[in-house]
1. Among the candidates 301, 252, which residue alone is at pLDDT 90 or above and open to solvent by less than 20 Å² (accessible area, probe 1.4 Å)?
2. Which of (1) open to solvent by 10 Å² or more (accessible area, probe 1.4 Å); (2) assigned to a helix (DSSP H, G or I); (3) among the aliphatic types (A, V, I, L, M) does residue 279 not meet, given it meets every other one?
3. Give me the residue from the range 157-186 that is over 21 Å from residue 260 (Cβ atoms), open to solvent by 30 Å² or more (accessible area, probe 1.4 Å) and aliphatic (A, V, I, L, M) and, out of that set, farthest from the chain's Cα centre (by Cα).
4. From (1) surrounded by fewer than 19 Cβ atoms within 10 Å (Cβ to Cβ); (2) over 22 Å from residue 129 (Cα atoms), pick out the condition that doesn't hold for residue 94.
5. Taking the range 310-331 as the search range and keeping residues that are part of a loop (DSSP other than H, G, I, E, B) and touching a strand residue (DSSP E or B) at 6+ places or on another chain (Cβ under 8 Å), which one is least open to solvent (accessible area, probe 1.4 Å)?
6. Can you run down the residue pairs with Cβ atoms below 8 Å, 6 or more apart or on separate chains, where the first is in the range 332-356 and within 20 Å of residue 404 (Cα to Cα) and modelled with pLDDT under 90 and the partner is among the β-branched types (Val, Ile, Thr) and not in a loop (DSSP other than H, G, I, E, B)?
7. Any residue in the range 492-506 that is open to solvent by 30 Å² or more (accessible area, probe 1.4 Å), out of contact with any Leu (no Cβ under 9 Å at 6 or more places or on another chain), at pLDDT 65 or above and not basic (Lys, Arg)?
Amino acid sequence: MDVLDIARWQFGITTVYHFLMVPLTIGLGVLVAVMHTMWVRTGKPEWLRMTRFWGRIYLINFVLGVATGLVQEFQFGLAWSEYSRFVGDVFGSLLALEALLAFFLESTFLGLWIFGWGRIPKKLHLASLWAAVIGSIVSAYFIIAANSWMQHPVGVVVDDATGRPLQVDFGAVLTNNTALAAFSHTIVGSLMVAGALLVGIGLWHLRRRELAGAPTTDVDHSVWRRSVRLGGVVSLAAFVLVAVTGDFQAKLMYQQQPLKMSSAEALCETEAPAPFSVLAFGKLGSNECDDVHSWTVPYLLSYLAHGDFSTAVPGVNELQEEYSAVYGETYPDDPSFGDKAGEPIDYAPVLAVTYWTFRLMIGMGMVSAGVAAYALWATRKGRVPTSRIGVHGSLLAVGAPFLANAAGWIFTEMGRQPFVVYPNPDVPVEDQVWFFTAQAVSPGITAAEVWTSLIGLTAVYGALAVVELWLIVRFVRRGVTTGDGAPTPGSTPEGTPDEDLPGGRDATDDDVLSFAY
């Protein structure tokens, strides 16, 4: 493996790992804020207990998300300096706003929420949580706007002296239609993640209490039942919105990156009308598209791509020829391209990756929606599900929307190769901006250096994953321990007796700090 391949593996591993935390932070943050709002409005203790329990899971995930996200920006300069130099005029403003505005907004107000119980008025305390949640959403938008510019560059001109893009219209970058489509799809996908978590854990606790003979009239039962119902409704509604935003995004992608979407369908040759592939088999493990067979649904791909049942959809082989004619058959014979210099360019992504990640994304979303429907049915009219298969299956299905989100991003990033900045087809060729992945890696770094960081980061991230899972499982198993009242500065930590507590703590421990720690 050369430096480019190792650097891509490193960025892929760290990015997918980080993005496992991002949708849960966004989605669960919104739901915790809703729970807190309901408590402030109604004063019912179950809403407070839900806020405290799910708030802990939210905070654990937030901390790990911040820690893993910091590595991403360091990689831009260390492993991808040529890329950073090329996109710097555009990315500089977006990443600065993400850090200085959005991230500080969410971290500051999240701190007020964590330590503000009993110290600031209830409504102001609630507002601080909403500000933190909104900050995380705004932060996500800036990041998605940056990524979407790589998919569809707008608002720039090319500097004749350096060949680099110069930003001339920041508003165009922020309102890029690719960013708007990706952002809406990402947010509703995040709500699916949070909804699945509420459903899986809530059903597990309901069954656990039922088998133990716990009453169905106490507050704790209401906590888990409301969690399941809220999670089920959110998951189903989010699935519908995921389908709507995904359809819009797919039509946009066919206009902007037709090779990506044709590869996702293993459509080797242009067809009119084009069928949708249900299952493909044959030579899928390479960039070549010449021996692929599919079970198909006639006409459907034409509708998904263009909104009608007759328009032609270009195939991979035809598009490969078009791209070769416009952007060159071989990489420039330049040292900046490393081992790729002078080599033939394959404009088609790896078919197996685009084809199967696209289906994994859709399939896992459908699994999550099915589990949500089961949860709402199983808990209708006060029922408590006791089916081991149904409840434990729902708990396992918590991972389905995580897999869907990860598969979606792998599809998005792998499908635009060999470009790291994809040319905008709406702009005349002479004015287009594009940048090959092969020329984006830092010059001078060695394979040994990148291997060292890849192995080190993978080991550290693995350890962090163990820590996060251990913490979440610990708090999930413990369940709800919050008393009826909100935490009060200087009071006994929630759910503790008056005698001394384990671990050397005593009953004078601050309840607010106990929540934070």
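The values are calculated or read from the model by the stated rules, or taken from the named source; none is laboratory data. Note that this is a predicted model, so its numbers are computed, not measured. Counting neighbours? That spans all protein chains shown, and the Cβs are built from the backbone with ideal geometry, glycine included. Just the protein is used for accessible areas: all its heavy atoms, side chains included, with ligands, DNA and RNA removed. Shrake-Rupley method; radii C 1.70, N 1.55, O 1.52, S 1.80 Å.
1. Working: 301 fails: at pLDDT 90 or above.
When all the criteria are applied, what remains is 252.
2. (2)
3. Among residues in the range 157-186 that are over 21 Å from residue 260 (Cβ atoms), open to solvent by 30 Å² or more (accessible area, probe 1.4 Å) and aliphatic (A, V, I, L, M), the one farthest from the chain's Cα centre (by Cα) is 161.
4. With (1) surrounded by fewer than 19 Cβ atoms within 10 Å (Cβ to Cβ); (2) over 22 Å from residue 129 (Cα atoms) applied to residue 94, the lone miss is (1).
5. Among them, the one singled out is 315.
6. Once the first residue is within 20 Å of residue 404 (Cα to Cα) and modelled with pLDDT under 90 and sits in the range 332-356, its partners that are among the β-branched types (Val, Ile, Thr) and not in a loop (DSSP other than H, G, I, E, B) give 351/292; 351/316.
7. no
Here is a yes/no grid of residues against (1) basic (Lys, Arg); (2) surrounded by fewer than 21 Cβ atoms within 10 Å (Cβ to Cβ); (3) assigned to a helix (DSSP H, G or I):
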position	(1), (2), (3)
18	no, yes, yes
21	no, no, yes
25	no, no, yes
34	no, yes, yes
40	no, yes, yes
46	no, no, yes
50	no, no, yes
54	no, no, yes
85	yes, yes, yes
